[in-house]
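Following: one structure in C-alpha cells, then a few remarks.
What follows is calculated from the coordinates using simple rules that are stated; it is not laboratory data. Because the structure is predicted, anything quoted here is derived from the model rather than measured. Please note: Cβ atoms are built from the backbone with ideal geometry, for glycine as well, and neighbour counts cover all protein chains shown.
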Amino acid sequence: MPLNELYSGPAASFDSPLEMLEACHDRVRRTLDLLVRLQAHLAEHGITDQARSAATDILRYFDIAGPAHHEDEERHVLPRLRSSQAPELKALAERLHADHAAMQDDWLALRVSLLAVRDGEAGAWPAALVQRYVDRYERHLEAEEQVAFPAAAKSLGGDEMALMGQEMSSRRRPASQQGG
C-alpha cells in the first residue's frame, strides 16, 4: 500500500453526531497509522516525495480535523460526563480534557518535524514523541468509545442530538456560508 493512501472511511452524518465522532476516530487511527508508517519510511528511505506527501496529509488532518473533533467533545460529550452523578464519569471527563491538552502540546512539537519533512528538510526525527502521541491517542479513543460516548448518548434526547449535530456542522462550514 502506498505510504500516503488513506481510506475514506464509513459514511456518517451530523444527523447522528456521536456516530460522526466515532467515524472521526477511524480517520484518526488511519492518520496515526500513516504517521507510524512515515516514521518507518524515513528510517529506511529518508525524505522522498512519498514521505513529503504523507507528512502533508498528516499535517492537514491534525491541523484541521483534529482540533474540530476535540472541540466537539469538549462542547458536547465532556459536559454530559461532568454533570453525571457517577464519580468515575466525572473523573473520566477530566482525564479526557487533560488528554486533549497533552495531545495538543505533543502535536505542536511533532508538527515542527512534519513541516520539515514536508519541506524536504532532514532533521532529527522525534521517535519517542511519535510513540507517546500514538499511545496516548489510542488510550483516549478507546476510553471515549467504550465509556464516554455511550454515557453521553444516554443523556441526549432526540432534540439535543439534532442540535448537537447542527452545531458541529455549522462550525465546519466556511465563514462565507455561515451568513452574518
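Under a Cβ-only charge scheme (Lys and Arg +1, Asp and Glu -1), can you give me the dipole magnitude of region 55-138 about the Cα centre, in debye to the nearest 20?
Values: 10 positive and 15 negative charges, 39 e Å.
Dipole of region 55-138, to the nearest 20 debye: 180 debye.
Which listed residue (GLN39, LEU89, ALA122) has the Cα farthest towards the positive end of the charge dipole for the chain, taking +1 on Lys and Arg C-beta and -1 on Asp and Glu C-beta about the Cα centre?
ALA122
How much length would be gained if the chain were fully extended between LEU163 and GLU44, taking 0.36 nm per residue of separation minus their Cα-Cα distance, in nm to one decimal?
Gain on stretching LEU163 to GLU44: 38.0 nm.
Determine the dipole magnitude for the chain: charges of +1 sit on the beta-carbon of Lys and Arg, -1 on that of Asp and Glu, nothing else is charged, the reference point is the Cα centre, and the result goes in debye to the nearest 20.
On the way: 20 positive and 29 negative charges, 42 e Å.
For this selection, approximately 200 debye.
Note the angle between two axes, namely the Cα long axis of helix 49-60 and the longest principal axis of the Cα atoms of the chain, as a number of degrees from 0 to 90, rounded to the nearest 10.
20 degrees
So how tilted is helix 17-45 from the main axis of the chain? Cα-based, degrees 0 to 90, rounded to 10.
10 degrees
Using helices alone, I'd like the mean residue ellipticity at 222 nm for the chain: each DSSP H run of four-plus residues gives -39500 (n - 2.57), total over residue count, nearest 500.
Helix contribution divided over all residues of the chain: -23000 deg cm²/dmol.
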